[in-house]
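The values are calculated or read from the model by the stated rules, or taken from the named source; none is laboratory data. From a predicted model like this one, the values you see are computed outputs, not experimental measurements. Note that each Cβ is placed from the backbone with ideal geometry, even for glycine, and that neighbours are counted across all protein chains shown. Ligands, DNA and RNA are stripped out before the accessible areas are found, and what is left, the full protein with its side chains, is counted by its heavy atoms. Shrake-Rupley method; radii C 1.70, N 1.55, O 1.52, S 1.80 Å.
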Amino acid sequence: ILNVEQSPQSLHVQEGDSTNFTCSFPSSNFYALHWYRWETAKSPEALFVMTLNGDEKKKGRISATLNTKEGYSYLYIKGSQPEDSATYLCAPTPDNNAGNMLTFGGGTRLMVKP
Amino acid sequence: KAGVTQTPRYLIKTRGQQVTLSCSPISGHRSVSWYQQTPGQGLQFLFEYFSETQRNKGNFPGRFSGRQFSNSRSEMNVSTLELGDSALYLCASSFLATAYNEQFFGPGTRLTVL
């Protein structure tokens, strides 16, 4: 069972602020990392899947970086908007045989005040 | 393309009863995974099916079971319900069962056990 930690647990920011949060996972047992966004009353939505050390992915104002050697990934949101309010979940997988068996961290709950 | 659908959306049962939840994946997707979300434990993996075969199973008691049909639709069953089984049950589908495939989640079934 992977030990996945996300910090902070929750975050309140003002509209327009940029923010970032962290996902930590065992570096010795890594194959891929997933980031999901989960808005209240909706379904989790995939943001990124990352596999390579140093990988950087971007989708609009949201970007993510990956460091597999030290076992962490950062998610950045530039110029937060109220619609960014959601819980952001990361889920590493230890190997390809794990298939779709994702071990989710506890999530970072982001609240953006207008 | 229609998204992942789950039925029923809400369910109330009493302790000791059994329940069956249904998930229809996105057309063409052959992998279906099930997750349980509770306030205390977060989002936890239950099991994954690919082409009617269970590929992975999470750390849940044998009261939790599932199956997948030839049309990729999946059901999960919980027997002898306990109060602690009250949760949101999510299913997710993907085209393949590899660790770098993004999963598409359904709206969930909210189960309340009284």
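Assorted remarks:
- Considering region A:99-114, the residues that are open to solvent by less than 10 Å² (accessible area, probe 1.4 Å) and within 14 Å of another protein chain (Cβ to nearest Cβ) include one that is farthest from the chain's Cα centre (by Cα), namely A:Gly99.
- Annotation: of all residues in region A:69-86 being hydroxyl-bearing (Ser, Thr, Tyr) and surrounded by 21 or more Cβ atoms within 10 Å (Cβ to Cβ), the one that is farthest from A:Val4 (Cα to Cα) is A:Ser80.
Results for (1) of a type in the set (Lys, Arg); (2) at pLDDT 95 or above; (3) in contact with a Lys or Arg (Cβ under 6 Å, 6 or more places away or on another chain), shown as yes or no for each residue.
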| position | (1), (2), (3) |
| --- | --- |
| B:Gln36 | no, yes, no |
| B:Pro39 | no, no, no |
| B:Gly66 | no, yes, no |
| B:Asp85 | no, yes, no |
| B:Leu88 | no, yes, yes |
| B:Leu114 | no, yes, no |
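- For region A:49-66, a tally of residues being modelled with pLDDT of 95 or more and open to solvent by less than 50 Å² (accessible area, probe 1.4 Å) returns 5.
- Tally of residues being closer than 21 Å to B:Arg67 by Cβ and among the β-branched types (Val, Ile, Thr) across region B:9-53: 5
- Considering (1) in a strand (DSSP E or B); (2) in contact (Cβ under 8 Å) with a residue 12 or more places away in the chain, the lone condition that A:Lys57 does not fulfil carries the number (2).
- Some residue of region B:55-64 being at positive phi and either aromatic (Phe, Trp, Tyr) or surrounded by 17 or more Cβ atoms within 10 Å (Cβ to Cβ) (or both): no
- Among the residues making up region A:87-98, those that are crowded, with 21+ Cβ neighbours inside 10 Å and either within 8 Å of another protein chain (Cβ to nearest Cβ) or not hydroxyl-bearing (Ser, Thr, Tyr) (or both) are A:Leu89, A:Cys90, A:Ala91, A:Pro92, A:Thr93, A:Ala98.
- Of the strands (runs of 3 or more DSSP E) lying entirely inside region B:7-114, the ones with 3 or more residues being within 12 Å of chain A (Cβ to nearest Cβ) are found at B:31-38, B:42-50, B:53-57, B:87-94.
- The sole residue among A:Lys58, A:Lys78, A:Lys69, A:Lys42 that is under 18 Å from B:Gly42 (Cβ atoms) and among the charged types (D, E, K, R) is A:Lys42.
- Residue within region B:5-20 that is open to solvent by less than 20 Å² (accessible area, probe 1.4 Å) and of a type in the set (Gly, Ala, Ser) present: no
- Selection of region A:1-48 for residues being in a strand (DSSP E or B), in contact (Cβ under 8 Å) with a residue 60 or more places away in the chain, of a type outside the set (S, T, N, Q) and surrounded by fewer than 21 Cβ atoms within 10 Å (Cβ to Cβ) yields A:Glu5, A:Leu11, A:His12, A:Val13, A:Trp38.
- A single entry from B:Gly62, B:Gly40, B:Gly66, B:Gly58 fulfils the requirement of being in contact with a Ser or Thr (Cβ under 7 Å, 6 or more places away or on another chain) and not basic (Lys, Arg): B:Gly66.
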